[in-house]
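**Student:** Below you'll find the structure I mean.
The values are calculated or read from the model by the stated rules, or taken from the named source; none is laboratory data. Model, not experiment: these values are computed from the prediction. Note that each Cβ is placed from the backbone with ideal geometry, even for glycine, and that neighbours are counted across all protein chains shown.
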Amino acid sequence: MIARILRMTPGAVAAETAPVDPAKLLEGSPSQTTENHYEDADGRFFCGFWSSEPGEWRVDYSEHEFCHLLEGEVVLTAEDGSAEHFRRGEAFVIPAGFKGRWRSIGRVRKLYAIYQA
């Protein structure tokens with residue numbers, strides 16, 4: 001097998017859209033759209049583009065996720081009440097084991113890279 005560079009262009013792969021799981025939903029009725037551009041052979045590493053409509057929901061990460069916000073604002077609130085606010089152009093990592101809430105302020109779009117721990 002020859003390894004090659006993969007260019008990730010929005011809209012180049014089929015998008016999957018689904019509502020936030022009602023059991024996790026705290027506010028709004030946001031849908032989420034994922035364009036997964038790459039997945040390794042083991043299914044543990046993948047990356048692509050993700051977007052959501054405004055809303056807030058519970059999160060419980062079993063994976064490590066790098067995010068770079070391309071549009072919108074996000075507030076991540078940990079179980080202890082501490083919160084981080086991120087805006088367009090900012091990047092952050094959510095470590096495996098993080099539990100709390102994800103709030104999308106307005107429409108949010110991000111580039112993600114996930115490693116399943």
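**Student:** Of all residues being out of contact with any Lys or Arg (no Cβ under 7 Å at 6 or more places or on another chain) and among the aromatic types (Phe, Trp, Tyr) in region 69-117, which is nearest to His37 (Cα to Cα)? Just the residue, please.
**Tutor:** Across region 69-117, the extreme among qualifying residues is Tyr112.
**Student:** Separate question: Have a look at Glu53, Glu65, Glu90, Glu73 and point out the one that is surrounded by fewer than 17 Cβ atoms within 10 Å (Cβ to Cβ) and of a type outside the set (S, T, N, Q).
**Tutor:** Selected residue: Glu90, the only one of Glu53, Glu65, Glu90, Glu73 that is surrounded by fewer than 17 Cβ atoms within 10 Å (Cβ to Cβ) and of a type outside the set (S, T, N, Q).
**Student:** Are there any pairs with C-beta distances below 7 angstrom linking a residue in region 1-15 that is under 18 Å from Glu35 (Cα atoms) to a residue that is modelled with pLDDT of 95 or more and among the β-branched types (Val, Ile, Thr), with the two at least 6 apart or on different chains, and if so which?
**Tutor:** Final answer for the pair search is Ala15/Thr33; Ala15/Thr34.
**Student:** Same structure, new question: State which residue is surrounded by the fewest Cβ atoms within 10 Å (Cβ to Cβ) when the search covers only region 93-117 and only residues that are within 12 Å of His68 (Cβ to Cβ) and among the charged types (D, E, K, R).
**Tutor:** Arg109
**Student:** Taking strands (runs of 3 or more DSSP E) that fall entirely within region 12-90, which contain at least 1 residues that are within 18 Å of Lys110 (Cβ to Cβ)?
**Tutor:** 16-19, 31-39, 45-52, 55-60, 63-78, 83-87
**Student:** Enumerate the pairs (first residue in region 87-110 and free of Cβ contacts under 8 Å to residues at least 40 places away in the same chain; second residue anywhere and acidic (Asp, Glu) and assigned to a strand (DSSP E or B)) with beta-carbon separation below 8 Å, excluding pairs fewer than 6 apart on the same chain, so at least 6 apart or on different chains.
**Tutor:** From residues that are free of Cβ contacts under 8 Å to residues at least 40 places away in the same chain, the pairs are Arg87/Glu73; Arg88/Glu71; Arg88/Glu73; Phe92/Glu84; Val93/Glu65; Ile94/Glu65; Ala96/Glu63; Phe98/Asp60.
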